[in-house]
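So the structure is just underneath, and the comments pick up after that.
The values are calculated or read from the model by the stated rules, or taken from the named source; none is laboratory data. For clarity, every value in this text was computed on a predicted model and none was experimentally measured. Every residue, glycine among them, receives a Cβ derived from its backbone with ideal geometry; neighbour counts consider all protein chains shown. For accessibility, only protein heavy atoms count, side chains too; no ligands or nucleic acids. Shrake-Rupley method; radii C 1.70, N 1.55, O 1.52, S 1.80 Å.
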Amino acid sequence: MKFFIDTANLSQIREAQELGVLDGVTTNPSLMAKEGITGKKNILNHYSKICDIVDGDVSAEVISTDFEGIVREGEELAQLHPQIVVKVPMITEGIKAIKYFSSKTIKTNCTLIFSVGQALIAAKAGATYISPFIGRLDDVSTDGLNLISEIVTIFDNYGFSTQILAASVRHTMHIIDCAKIGADVMTGPLSSIKGLVKHPLTDIGLKKFLEDHKKSNQ
Ligand code: E4P
């Protein structure tokens with residue numbers, strides 16, 4: 001299972017990279033705005049900085065909603081760095097653009113997936129990744145993990161190579177549940193990744209080991 005971090009915050013990306021388990025980064029216009037990154041030049045520059053920190057794929061989202069605009073923006077983003085994956089919204093024009101990018105071997109991440117039908121058509125169009133938003137489904141009393149499970153079944157039935165990127169992960173249990181179901185990738189906040197390390201019995205056990213060592217080596 002690949003671990004992506006869902007942020008545009010450079011220090012959090014660095015911290016996750018230093019852990020040694022980071023496979024990539026996802027961003028979106030809201031996350032870029034949260035870091036105060038505005039204006040095309042600054043946005044492109046920020047993507048380059050992220051690519052310099054991590055080794056894996058970095059999703060950069062287009063803001064156009066028409067085919068020509070998505071293609072223009074996507075090609076510019078893809079030229080920026082080989083690690084860039086063009087993040088395209090799940091809309092009709094987006095599907096056409098994903099098909100186009102796929103024919104040009106430009107990697108894509110189809111975002112804002114909330115149904116199996118959307119996942120299926122994005123895979124048919126040749127998306128590299130599809131991003132079902134599990135946390136946002138949970139927020140509206142719909143089982144986000146069930147969506148991941150249904151997509152896994154469908155992709156397995158037909159051998160789609162599109163990777164299932166569980167997005168809108170909010171906490172550590174989401175990661176564990178996605179791993180049980182067989183999501184290819186998860187993207188979540190740094191806290192959800194760091195939560196995998198923690199167990200109170202580990203802390204208690206380590207404290208005791210260190211105390212015993214100290215006593216016997218005095
Ligand atoms: C996906 O790539 C999105 O950036 C992200 O996971 C959205 O998560 P949120 O629902 O926590 O905003």
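Laid out as a table, the results:
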item: Computed E for residue 157/residue 34 - FRET, C-beta separation, R0 25 angstrom, nearest 0.05; result: 0.05
item: Between segment 1-48 and segment 179-200, the alpha-carbon center distance in angstrom; result: 17
item: Estimated [θ] at 222 nm from DSSP helical runs (n ≥ 4, -39500 (n - 2.57)) normalised by residues in the chain, nearest 500; result: -16500 deg cm²/dmol
item: Folded to 0 to 90 degrees: helix 40-53 orientation relative to the chain principal axis, Cα; result: 40
item: Nearest-ten-degree value, helix 116-125 long axis tilted from longest Cα axis of the chain; result: 60
item: Segment 145-218, accessible area per residue, ligands and nucleic acids excluded (1.4 Å, Å²); result: 61
item: Per residue value of the accessible surface for segment 1-133 (all protein chains in place, 1.4 Å probe), Å²; result: 45
item: Carbon/sulfur fraction of accessible area - the chain, other protein chains in place, 1.4 Å, %; result: 54
item: Proportion of all alpha-carbon pairs of segment 55-182 beyond 19 Å (%); result: 46
item: q = 0.15, 0.32, 0.34, 0.35 Å⁻¹, segment 1-40: log10 I(q)/I(0) [Debye, one scatterer per Cα]; result: -0.36, -1.06, -1.13, -1.16
item: Placed amide H near residue 2: partners under 5 Å, 5+ positions off or other chain; result: 185, 186
item: Dimensionless Rg/Rh of segment 127-186 - Kirkwood Rh, Rg from C-alpha atoms; result: 0.95
item: Extension reserve of the residue 76-residue 53 stretch, reckoned as 0.36 nm per residue once the Cα distance is removed; result: 6.2 nm
item: Length released on extending from residue 138 to residue 96, taking residue separation times 0.36 nm less the Cα-Cα span; result: 12.2 nm
item: Cross-link pairs 41/96; 34/207; 41/198; 194/215; 2/49; 34/124 - those with Cα-Cα distance over 29 Å; result: 34/207; 41/198; 194/215; 34/124
item: Mean separation of Cα contacts under 8 Å (6+ apart) over length of segment 143-218, as relative contact order %; result: 27
item: Computed lengthening from residue 214 to residue 10, 0.36 nm per intervening residue step minus Cα-Cα distance; result: 69.5 nm
item: Kirkwood estimate for the chain, i.e. one over the average of 1/r between Cα atoms, Å; result: 18.2
item: Local electrostatic count at residue 129 - Lys and Arg +1, Asp and Glu -1, tallied over other residues with Cβ under 12 Å; result: 0
item: log₁₀ of I(q)/I(0) at q = 0.12, 0.18, 0.26 Å⁻¹ - segment 55-130, Debye sum with one point per alpha carbon; result: -0.25, -0.58, -1.21
item: Rel. contact order, % - alpha carbon contacts under 8 angstrom, at least six apart, the chain; result: 16
item: Rounded tilt (10° steps) of 144-158 against the dominant C-alpha axis of the chain; result: 60
